Amino acid sequence: MTLSNPITPSLWHDCDSLYMAHQTLFLQLQDDHQLNVNLLLLTLWLDKHHYSLAKPQWQTLQQATLTWEQKLLIPYRQLRRQSKALLETEEYQQMLKLELMLERKSQVMILKTLQSMSVKAGTNTNNANLSQYLALFDLDSRDFPSLQIS
């Protein structure tokens with residue numbers, strides 16, 4: 001069954017716990033392979049709830065946030081990391097909060113793009129979303145068993 005838009009902003013609340021459970025791996029994939037952590041979280045959420053997107057849709061989602069990330073989010077993240085040793089703890093925490101705000105903006109962009117897509121529902125995805133997204137970066141989901149949804 002295909003649904004036009006079963007996804008609501010509340011999915012990001014669910015993703016917060018997924019992020020906390022795999023934070024180190026997510027950040028490693030972000031740093032080593034330039035994955036978008038929000039899209040990675042979305043793959044896990046979709047797989048868990050038995051929704052699936054086709055590979056071209058994952059490419060569209062990746063493209064939708066790429067310019068934003070390259071122009072603002074990634075340079076800001078690099079600045080924050082470089083500044084860590086030079087800042088007081090409170091100043092650094094303020095930078096982290098701003099980065100989180102930028103990440104939330106990215107989530108809004110993802111949702112806006114998702115709302116124009118048809119989402120296939122009701123089938124066991126067998127981690128298809130995770131596999132398709134990782135494949136955009138020449139990665140194999142079997143190399144990340146902790147991310148597999150049973």
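The values are calculated or read from the model by the stated rules, or taken from the named source; none is laboratory data. The structure presented is a predicted model; accordingly, all values stated were derived computationally and were not measured. So basically every Cβ, Gly included, is an ideal-geometry build from the backbone, and we count neighbours across all protein chains shown. Just so you know, the surface numbers come from the protein's heavy atoms only, side chains and all, with ligands and any DNA or RNA stripped out. Shrake-Rupley method; radii C 1.70, N 1.55, O 1.52, S 1.80 Å.
Points worth noting:
- Test: residue in region 24-37 that is touching a helix residue (DSSP H, G or I) at 6+ places or on another chain (Cβ under 7 Å) and polar (S, T, N, Q): yes
- The residue list LEU102, LEU136, LEU86, LEU72 contains one member that is out of contact with any Cys (no Cβ under 8 Å at 6 or more places or on another chain) and open to solvent by less than 40 Å² (accessible area, probe 1.4 Å), which is LEU102.
- Top-ranked residue of region 111-124 - restricted to ones that are within 18 Å of the chain's Cα centre (by Cα) and either open to solvent by less than 30 Å² (accessible area, probe 1.4 Å) or among the aliphatic types (A, V, I, L, M) (or both), ranked as nearest to PRO9 (Cα to Cα): LEU111
- No other residue among TYR76, TYR133 is of a type outside the set (A, V, I, L, M), closer than 19 Å to GLN59 by Cβ, in contact with a helix residue (DSSP H, G or I) (Cβ under 7 Å, 6 or more places away or on another chain) and modelled with pLDDT of 95 or more apart from TYR133.
- Flag for GLN107 being under 24 Å from TRP68 (Cβ atoms), touching a Pro at 6+ places or on another chain (Cβ under 9 Å) and assigned to a helix (DSSP H, G or I): yes
- Entry remark, region 139-150: residues being among the polar types (S, T, N, Q), surrounded by 11 or more Cβ atoms within 10 Å (Cβ to Cβ) and in a helix (DSSP H, G or I) number 1 in total.
- Selection from region 89-99 of residues that are within 24 Å of ASN38 (Cα to Cα) and open to solvent by 100 Å² or more (accessible area, probe 1.4 Å): GLN94, LYS97
- Among (1) surrounded by fewer than 11 Cβ atoms within 10 Å (Cβ to Cβ); (2) not in a loop (DSSP other than H, G, I, E, B) - the single one LEU130 does not satisfy: (1)
- Number of residues in region 53-90 that are closer than 15 Å to MET101 by Cα and free of Cβ contacts under 8 Å to residues at least 40 places away in the same chain equals 8.
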